[in-house]
Amino acid sequence: VNGNGALADARDDANQRQWAASEADAAKAEGWLPWSSDPWQFVGEAQLARGDRSSAAQSFRTAIEKDPKDSDLWQGLAYATTGRERRQALAEALRLNPRSPDLISLAQELGIEPPAVTSSAPGQKGSS
């Protein structure tokens, strides 16, 4: 099994809610794909699904080190943490993906005002 195969197995396991198998396959994938955030994301999601928020938070932090521009990783960290770290992770996820219904909903649950999103196209100024 190569890294992509192990990652596909982790995804299949997660889709079937087989969290221990997903985590094990993701750990195998990490050995083949040490530069990728994907294995760590699957590990974090499996840990979160099993209720191990502390380990999930660390897995998402590791994934973020590898890909800090992935809003899904910041969202995972927001779900895995509490307090200030949760608010900071959510703010970064919203900065990266301000139109995400899941992120907007989480922000509302936490009493955080989502950032205003303009409808202007890139390179154009919004109307005043």
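Rolling a 1.4 Å probe over the protein heavy atoms of segment 3-128, with every protein chain left in place, gives an accessible area that is 47 percent carbon and sulfur. Protein heavy-atom accessible surface, 1.4 Å probe, per residue over the chain: 59 Å².
Kirkwood radius and radius of gyration were both taken over the C-alpha atoms of the chain, and their ratio Rg/Rh is 1.06. Projected label points at ASN4 and GLN18, each 7 Å from Cα along the beta carbon direction, are separated by 2.2 nanometres. Going by alpha carbons, how many degrees (0 to 90, nearest 10) lie between the helix axis of 53-66 and the longest principal axis of the chain? Value to nearest ten degrees: 80.
Bin by bin, in steps of 10 Å, what percent of the Cα pairs in segment 1-63 do you find, going until the bin that has the longest distance? Using 10 Å bins, I get a P(r) of 30, 56, 13 for segment 1-63.
Backbone geometry of segment 10-27 corresponds, through the Karplus equation with coefficients 6.51, -1.76 and 1.60 at θ = phi - 60°, to 3J(HN,Hα) couplings of 4, 5, 4, 4, 5, 4, 9, 6, 9, 5, 5, 5, 4, 4, 5, 5, 5, 5 Hz, x marking Gly and Pro.
Here the gap between ASP102 and ARG87, fully extended at 0.36 nm per residue and compared with their Cα-Cα distance, gives a gain of 3.9 nm.
If I fit a long axis through the Cα atoms of helix 83-96 and take the longest principal axis of the Cα atoms of the chain, what angle between them do I get, 0 to 90°, rounded to 10? It works out to around 70 degrees.
The values are calculated or read from the model by the stated rules, or taken from the named source; none is laboratory data. Because the structure is a prediction, the values reported are computed rather than measured. Neighbour counts run over all protein chains shown; Cβ positions are idealised from the backbone, glycine included. Calculation scope for accessible area: heavy atoms of the full protein, side chains included, ligands and nucleic acids excluded. Shrake-Rupley method; radii C 1.70, N 1.55, O 1.52, S 1.80 Å.
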